[in-house]
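Student: First, the structure itself, so that you have it in front of you.
The values are calculated or read from the model by the stated rules, or taken from the named source; none is laboratory data. Nothing here was measured: the structure is a model prediction, and the numbers come from that model. Note that we place each Cβ from the backbone using ideal geometry, even for glycine, and neighbour counts take in every protein chain shown. Surface areas here come from the heavy atoms of the whole protein model, side chains and all, with no ligands, DNA or RNA. Shrake-Rupley method; radii C 1.70, N 1.55, O 1.52, S 1.80 Å.
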Amino acid sequence: MTAGEPGAVQDGSSKGGLRAALGGLTTRGRSFLAAGVAAAVCAYVLGQDDLLRVGLLLAVLPLVCVVVLYRTRYRVTGTRRLSPSRVPAGAEARVHLRMDNVSRLPTGLLMLQDRVPYVLGPRPRFVLDRVEAGGRREVSYRVRSDLRGRYPLGPLQLRLNDPFGMCELTRSFSAYDTLVVVPRTVPLPPLRLAGEASGYGDGRQRSLALAGEDDIIPRGYRHGDDLRRVHWRSTARYGELMVRREEQPQRARCTVLLDTRQVAYAGAGPDSAFEWAVSGAASALVHMLERGFAVRLLTDDGNAVPGEGSDGFAGSTQESADSAGLMLDTLAVVGHSDGGGLSRAHDVLRGSNEGLLIAFFGDLDEEQTSVAARMRQRAGAGVAFVLDSARWTGDSSPAGQAAAGRAEERLRQLREAGWTAVPVPPGAELPALWQLAGQLRADTESAGIGDPTGFPGGWS
């Protein structure tokens, strides 16, 4: 992404006028001015004409530099380009800056500075030598953040100096860009379990085989339709112009549910339980999109991404790529909810026909466990990764041990409701837990337990 603005480094229309330019006197300029005034006063008191001339020279030199720098007339443009504009936490992005002198006069010495948030690193500064008329200078710097979020870059600032270092003026551009730091994602192993229902696992390939790439359904002609798509047999039958419509096969669905309740997590920082859950949700949705599923992201407050299009799920391949970026951008800035519980997410699931449901839960009390159990009834298969705050904070007190016991009871209740519930210990790797969830589900099916809903299982 680029942002350019023709430039703002020019003369007398700048804010503050000459008074602001006088405020740009450096320490050297102020010292010369003070020494000149002091010398002039002493010369007047002592009657020394030579000292008066020296004093006037010292006092006038910084003022002349201010006027000359203030009246300098040249224009520059600044362009910023991010490569890439979206990076995972802990990865580096490079920022390319380009300055073009579009005036007919060469510039003097320029100091280029870009404003960046402190979490991205120190503020970059560059010294640019004289830029000839029509010339160009390019510089670059790197930014990195271990914390996800959206970070503004800019605006660019130029500092102008006179040759004697008496005055320094700052001119700023107004344009800025945004760097999006998304959660870390890890590749997950594909799982193909026995007893998979059609539409799961390699669901996209199976649905293509069933529906076919050329599932022709005629419809009425609309302005702009290609005449080569006219279906003459249907046109003769219905007495109006009909065209062929290629119906896209339905894709297997997957909902990734992220519990963001503040009461469900303890601790903060990149290694906290909440950040693990956010990163896990990002990895899961990317994996399921790669496996050909139509995916959506759902939070406990009922907000679903990508939205209403395609029944709230990412649809075609191109739409999936765009929706993946939208969901990752949402996870980049997701924070804790007001702690209203999981009921709003349950209402969203109740109003739709779900396929696979992958949930990342924090601490669950008895009420929220009951709500989570009802969620499972609306899904073909459910996998839950449950994070226990007592274990993540290392609480070994009697209260912490009691909380751990209650967490085990919640896991049992979720499994009885049909969830494949997996506890998440501190520092656990999601690929290993993903594989464990597949083994638990395979063991359940081999034991003939099955799901309470009668769904034969299977996920990928």
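Student: Could you grab the pairs with beta carbons closer than 8 Å, sequence gap of 6+ or different chains, first residue in region 423-434 and assigned to a loop (DSSP other than H, G, I, E, B), second one of a type in the set (V, I, T) and open to solvent by 20 Å² or more (accessible area, probe 1.4 Å)?
Tutor: Hits for this filter: E429/V186.
Student: Count, please, the residues in region 391-402 that happen to be in contact (Cβ under 8 Å) with a residue 24 or more places away in the chain and surrounded by 12 or more Cβ atoms within 10 Å (Cβ to Cβ).
Tutor: Final tally of qualifying residues: 3.
Student: Output yes when any residue across region 343-363 is at pLDDT below 90, of a type in the set (K, R) and surrounded by 14 or more Cβ atoms within 10 Å (Cβ to Cβ), and no when none is.
Tutor: No, there is no match, as no residue in region 343-363 is at pLDDT below 90, of a type in the set (K, R) and surrounded by 14 or more Cβ atoms within 10 Å (Cβ to Cβ).
Student: Follow-up. From the list V66, V76, V95, which one is in contact (Cβ under 8 Å) with a residue 12 or more places away in the chain, more than 42 Å from the chain's Cα centre (by Cα) and surrounded by 13 or more Cβ atoms within 10 Å (Cβ to Cβ)?
Tutor: Going through V66, V76, V95 in turn, just one is in contact (Cβ under 8 Å) with a residue 12 or more places away in the chain, more than 42 Å from the chain's Cα centre (by Cα) and surrounded by 13 or more Cβ atoms within 10 Å (Cβ to Cβ): V66.
Student: Still on this structure, please answer the following. Can you report the number of residues in region 326-339 which are loosely packed, with under 13 Cβ neighbours inside 10 Å and either of a type in the set (K, R) or over 16 Å from the mean Cα position of the chain (by Cα) (or both)?
Tutor: 2
Student: With respect to L411, determine if the residue is touching a Pro at 6+ places or on another chain (Cβ under 7 Å), touching a residue at least 12 places away in the same chain (Cβ under 8 Å) and either outside any loop (DSSP other than H, G, I, E, B) or surrounded by 16 or more Cβ atoms within 10 Å (Cβ to Cβ) (or both).
Tutor: Yes; evaluated as a whole, the condition is true for this residue.
Student: Quick one: which of L105, L169, L179 is touching a strand residue (DSSP E or B) at 6+ places or on another chain (Cβ under 9 Å), hydrophobic (A, V, I, L, M, F, W, C) and modelled with pLDDT under 95?
Tutor: It is L169.
Student: Follow-up question, since we're still on this one. How about region 201-237: which of its residues are at pLDDT below 80, assigned to a helix (DSSP H, G or I) and open to solvent by 90 Å² or more (accessible area, probe 1.4 Å)?
Tutor: The answer is Q205, L210, L227, R228.
Student: Here is a further query. In region 182-200, what residues are at pLDDT 50 or above and open to solvent by 40 Å² or more (accessible area, probe 1.4 Å)?
Tutor: R184, T185, V186, P187, P190, R192
Student: Which of the residues spanning region 265-310 are of a type in the set (S, T, N, Q), surrounded by fewer than 22 Cβ atoms within 10 Å (Cβ to Cβ) and part of a helix (DSSP H, G or I)?
Tutor: S283, S310
Student: For the subset of region 327-340 comprising residues that are assigned to a loop (DSSP other than H, G, I, E, B) and at pLDDT 90 or above, which member is nearest to T185 (Cα to Cα)?
Tutor: Checked region 327-340; the qualifying residue nearest to T185 (Cα to Cα) is V334.
Student: With a cut-off of at least 2 residues that are touching a Ser or Thr at 6+ places or on another chain (Cβ under 6 Å) and within 21 Å of F173 (Cβ to Cβ), name the strands (runs of 3 or more DSSP E) lying wholly within region 44-161.
Tutor: 76-83, 92-101, 149-153, 156-161
Student: I would also like to ask the following. Restricting the search to region 437-460, which residues are exposed (fewer than 15 other Cβ atoms within 10 Å of the Cβ) and at pLDDT 90 or above?
Tutor: none
Student: Scan region 251-264 residue by residue and report those that are outside any strand (DSSP E or B) and not hydroxyl-bearing (S, T, Y).
Tutor: R251, A252, D259, Q262, V263, A264 - these are the residues of region 251-264 that are outside any strand (DSSP E or B) and not hydroxyl-bearing (S, T, Y).
Student: Quick one: E132 ticks every box in (1) of a type in the set (D, E); (2) surrounded by fewer than 17 Cβ atoms within 10 Å (Cβ to Cβ); (3) within 36 Å of the chain's Cα centre (by Cα) except a single one, so which number is it?
Tutor: (3)
Student: Identify, please: which residue in region 108-118 is open to solvent by 40 Å² or more (accessible area, probe 1.4 Å) and not aromatic (F, W, Y) and is, among those, modelled with the highest pLDDT?
Tutor: The qualifying residue modelled with the highest pLDDT is R115.
Student: From G380, G418, which residue is surrounded by 14 or more Cβ atoms within 10 Å (Cβ to Cβ), under 24 Å from T260 (Cβ atoms) and touching a strand residue (DSSP E or B) at 6+ places or on another chain (Cβ under 8 Å)?
Tutor: On inspection, the qualifying residue turns out to be G418.
Student: Can you pull out every residue in region 60-98 that is aliphatic (A, V, I, L, M) and either closer than 30 Å to S279 by Cα or in contact with a Phe, Trp or Tyr (Cβ under 7 Å, 6 or more places away or on another chain) (or both)?
Tutor: Of everything in region 60-98, those that are aliphatic (A, V, I, L, M) and either closer than 30 Å to S279 by Cα or in contact with a Phe, Trp or Tyr (Cβ under 7 Å, 6 or more places away or on another chain) (or both) turn out to be L61, L82, V87, A89, A91, A93, V95.
Student: Another one. Restricting region 21-33 to residues that are without any contact (Cβ under 8 Å) to a residue 60 or more places away in the chain and open to solvent by less than 60 Å² (accessible area, probe 1.4 Å), which is farthest from A59 (Cα to Cα)?
Tutor: Within region 21-33, the match that is farthest from A59 (Cα to Cα) is G23.
Student: Also: So A324 passes all but one of these: (1) modelled with pLDDT under 85; (2) not in a strand (DSSP E or B). Which condition number does it fail?
Tutor: Every listed condition holds for A324 apart from (1).
Student: Do you know which residues across region 326-344 are touching a helix residue (DSSP H, G or I) at 6+ places or on another chain (Cβ under 7 Å) and over 24 Å from L147 (Cα atoms)?
Tutor: Within region 326-344, G341, L342, S343 qualify.
Student: Could you tell me whether region 248-264 includes any residue that is at pLDDT below 80 and crowded, with 18+ Cβ neighbours inside 10 Å?
Tutor: yes
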